[in-house]
Amino acid sequence: MIPDTLIEKLQNTQHLVILTGAGVSAESGIATFRDTLTGLWENYEAESLASEFGFLADPALVWGWYEWRRNRVLRAKPNPAHHTIAQLAKQVEKLTLITQNVDDLHERAGSCDVLHLHGSLHQPRCLICEEPYSFPEMTSLENTGDTECRIEPPRCHLCDGPIRPGVVWFDEQLPAKAWQLAQEACKNCDLMLVIGTSGVVWPVAQLPYLVAQKDINLVQINPDITSLNAVAAYNICGKAGEVLPLLYAAAFDKA
Ligand code: APR
């Protein structure tokens, strides 16, 4: 299942880049953004829940939606894919971890300096003055069950503005520093693993192409076919939580 040439490349890499998407958290039980627009949320458009326009129109609805999602993340645990990525950082000379995920499962598995290109559910800020907001411990978990979806956002302690989720909404720019570091890493790496992303959301979707264009080794791990199948040097068809531990064991576990 895992080619010997890929194992060798992983053993010898000087700078490994890993780009993760929702598929990496799937085995932790975290549904993708669109998959969550079912059940309680099926009558809402993605744009009305994930835009400044939607937040201004109905702050309690939008804050409640993100609290509902954050609640699910708080109850989830990192899976073998997150843990293996954290272990890989100890084996290779340099690892840059880039994610589109807004959960903190990479960090909870032990990864550091994760470039969160789509922001984080866990780092909200004031809509007006951008002052960061800290959730009280175990905040409002009991208010985010399956029947409750409207929660008034807290207010900023500096300017009394509404607190907004720390994620990147439709039509918003990616966090500039993280985006710059991600692009630089892709231009300078010698191996890239793209794991659990459909690769359709731009501009992040362009990162694997930066790598493929330079004839750098691009590896995709995904149970499904994506547009990257055509450009990746290796396509490993399978679940991240199963493939990554096998890859790691083949490359680094001493016989
Ligand atoms: N292991 C690896 N990949 C998986 C697994 C798994 N266990 N389960 C599903 N996948 C793959 C799917 O085949 C799919 O290609 O993960 C991918 C998930 O794709 P998306 O749901 O489109 O997630 P992602 O690519 O991260 O979306 C990008 O879109 O909704 C916005 O901002 C949101 O960050 C998100 C962005």
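Extension gain, GLN14-ASP253: 0.36 nm per intervening residue step, less the Cα-Cα distance, totals 84.2 nm.
If you take the beta carbon distance between GLU131 and ILE225 as r and set R0 to 41 Å, what does 1/(1 + (r/R0)^6) give as a FRET efficiency, to the nearest 0.05? Walk me through the numbers before you get to the answer.
Values: r = 44 Å, r/R0 = 1.08.
Efficiency computed from Cβ-Cβ geometry: 0.40.
Work out how much length GLN173 to TRP202 would gain on full extension: take 0.36 nm times their residue separation and subtract the Cα-Cα distance, in nm to one decimal. Write down the numbers at each step before the final one.
Working: separation 29, 0.36 × 29 = 10.44 nm, distance 1.09 nm.
That pair, GLN173 and TRP202, stretches by 9.4 nm at full extension.
Answer rounded, prolate or oblate for the range 45-196, using the Cα gyration tensor with square roots of eigenvalues a ≥ b ≥ c: rounded when a/c is under 1.5, else prolate when a/b is larger than b/c, else oblate. Prolate. The mean sequence distance of close C-alpha pairs (under 8 Å, at least 6 residues apart), as a share of the length of the range 149-255, puts its relative contact order at 17 percent.
Each label point was placed 7 Å from the Cα along the Cα-to-Cβ direction; for GLN123 and LYS94 their separation is 2.1 nm. For VAL167, the residues whose modelled amide H falls within less than 5 Å of its own, excluding neighbours fewer than 5 places apart on the same chain, are SER120. Here the chain exposes an accessible surface that is 51 percent carbon and sulfur, computed with a 1.4 Å probe and the other protein chains kept in place.
By how many nm would the segment from GLU184 to ASN43 grow when fully extended, if each residue of separation counts as 0.36 nm and the alpha-carbon distance is taken off? That works out to 46.7 nm of additional length. Principal axis extents of the C-alpha atoms in the chain (largest first, rounded to whole Å): 56, 32, 31.
What 222 nm value per residue comes from the helices of the chain, counting each DSSP H run with n ≥ 4 as -39,500 (n - 2.57) and dividing by all residues, nearest 500 deg cm²/dmol?
Working: 10 runs with 91 residues, N = 255.
Roughly -10000 deg cm²/dmol at 222 nm, from the helical runs in the chain.
Under 18 Å from a point placed 7 Å out from the Cα of LEU246 along the Cα-to-Cβ direction: which residues of the range 51-88 have their backbone N that close? Answer for this model: 80-85. Taken along the Cα-to-beta-carbon direction at a fixed 7 Å, the label points for ARG75 and THR5 span 4.6 nm. Excluding same-chain neighbours fewer than eight residues apart, the lysines reachable from LYS187 by a Cα-Cα span under 25 Å are LYS9, LYS90, LYS94, LYS177, LYS214.
Could you tell me whether the range 166-206 comes out rounded, prolate or oblate from its Cα gyration tensor? Rule is a ≥ b ≥ c as square roots of the eigenvalues, rounded for a/c under 1.5, then prolate if a/b exceeds b/c, otherwise oblate. Before the final figure, lay out each step's value.
Working: a/c = 2.49, a/b = 1.36, b/c = 1.83.
Since a/c reaches 1.5 but b/c is at least a/b, the shape of the range 166-206 is classed as oblate.
The values are calculated or read from the model by the stated rules, or taken from the named source; none is laboratory data. Keep in mind the model is a prediction, meaning the values are calculated, not measured. Neighbour counts run over all protein chains shown; Cβ positions are idealised from the backbone, glycine included. The area values use the complete protein model at the heavy-atom level, side chains included, leaving out ligands, DNA and RNA. Shrake-Rupley method; radii C 1.70, N 1.55, O 1.52, S 1.80 Å.
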